[in-house]
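Read the structure below first, then the notes.
The values are calculated or read from the model by the stated rules, or taken from the named source; none is laboratory data. The structure presented is a predicted model; accordingly, all values stated were derived computationally and were not measured. We place every Cβ from the backbone using ideal geometry, glycine too, and count neighbours over all the protein chains shown. The protein model used for the area step is the full one, side chains on, heavy atoms only, and it has no ligands, DNA or RNA in it. Shrake-Rupley method; radii C 1.70, N 1.55, O 1.52, S 1.80 Å.
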Amino acid sequence: DLGTTNSLVAVCDDRGPRIIADEQGRPLLPSVVRYEADPTSPVRLRAVVGHEARRSAVEHPLTTVSSVKRLMGRSRAHAAPDLLYLPYRVVEGEHDTARIALPLETGERVVSPQEVSAHILGALRERASRALGTEVRRAVVTVPAYFGDAQRQATRDPGRLAAVEPEP
């Protein structure tokens, strides 16, 4: 479940349905990603996901992205009411879609909501792979019933970016 505030991963097998917790026993992963410049590469970003990102959000408000689901598949203009509550800068990107502008030491970088969501789904995939003892490659990613076609497609893209093939 790729959530606006928190996300989680669950499995249903012969033991029945259950949520997979992290190593500290926490079932929820905050849907928060903090970006920093990668010291090993001028083009890559380092993403800190979840609890650590949420803890440091006050210190790094312009490079910590939360509530990104509100931007999925939407233009900056369409998301304007939600922008009042976001501390980071949202700009218009390709095909009139909202993007996040990150002011980093190495210069401004722009990321899509799908890229941010891919980091969250990637962390959940890694959690599930560790807990299940096998590489997770396919998953069902939920979307709200009120999502339009563009938002549904925008939710499929992060799964592919996170090396998870969405189930139809």
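Tabulated results
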{"read-out": "Region 10-28, subset hydrophobic (A, V, I, L, M, F, W, C) and over 23 Å from Tyr146 (Cβ atoms), residue surrounded by the most Cβ atoms within 10 Å (Cβ to Cβ)", "value": "Ile20"}
{"read-out": "Lone unmet requirement of (1) surrounded by fewer than 18 Cβ atoms within 10 Å (Cβ to Cβ); (2) under 15 Å from the mean Cα position of the chain (by Cα) for Pro158", "value": "(1)"}
{"read-out": "Test set (1) surrounded by 16 or more Cβ atoms within 10 Å (Cβ to Cβ); (2) hydrophobic (A, V, I, L, M, F, W, C); (3) more than 27 Å from Ala150 (Cα to Cα); (4) at pLDDT 95 or above - Val32 fails condition number", "value": "(3)"}
{"read-out": "Residue in region 56-74 that is farthest from Glu36 (Cα to Cα), counting only those that are surrounded by 15 or more Cβ atoms within 10 Å (Cβ to Cβ) and of a type in the set (D, E, K, R)", "value": "Arg74"}
{"read-out": "Region 43-78: number of residues that are among the aliphatic types (A, V, I, L, M), more than 24 Å from Val143 (Cα to Cα) and touching a Pro at 6+ places or on another chain (Cβ under 7 Å)", "value": "1"}
{"read-out": "Tabulated pairs, region 70-88, first of a type outside the set (S, T, N, Q), second assigned to a helix (DSSP H, G or I) and open to solvent by 80 Å² or more (accessible area, probe 1.4 Å), C-beta under 6 angstrom, 6+ apart or interchain", "value": "Asp82/Arg70"}
{"read-out": "Segments classed as strands (runs of 3 or more DSSP E), wholly inside region 89-168, with at least 3 members that are at pLDDT 95 or above", "value": "89-92, 98-104"}
{"read-out": "Subset of region 64-96 that is of a type in the set (A, V, I, L, M, F, W, C) and in contact with a Leu (Cβ under 7 Å, 6 or more places away or on another chain) - its residue that is nearest to Glu108 (Cα to Cα)", "value": "Val90"}
{"read-out": "Flag if Glu115 is acidic (Asp, Glu), farther than 29 Å from Asp13 by Cα and within 17 Å of the chain's Cα centre (by Cα)", "value": "yes"}
{"read-out": "Flag if Thr106 is over 30 Å from Ile20 (Cβ atoms) and buried (at least 20 other Cβ atoms within 10 Å of the Cβ)", "value": "no"}
{"read-out": "Only listed residue being open to solvent by less than 30 Å² (accessible area, probe 1.4 Å) and closer than 20 Å to Val90 by Cβ, chosen from Ala53, Ala47", "value": "Ala53"}
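Every residue, every condition in (1) among the basic types (Lys, Arg); (2) closer than 20 Å to Glu115 by Cα; (3) without any contact (Cβ under 8 Å) to a residue 12 or more places away in the chain; (4) part of a loop (DSSP other than H, G, I, E, B), yes or no:
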| position | (1), (2), (3), (4) |
| --- | --- |
| Glu36 | no, yes, no, no |
| Val48 | no, yes, no, no |
| Val58 | no, no, yes, yes |
| Leu62 | no, yes, no, yes |
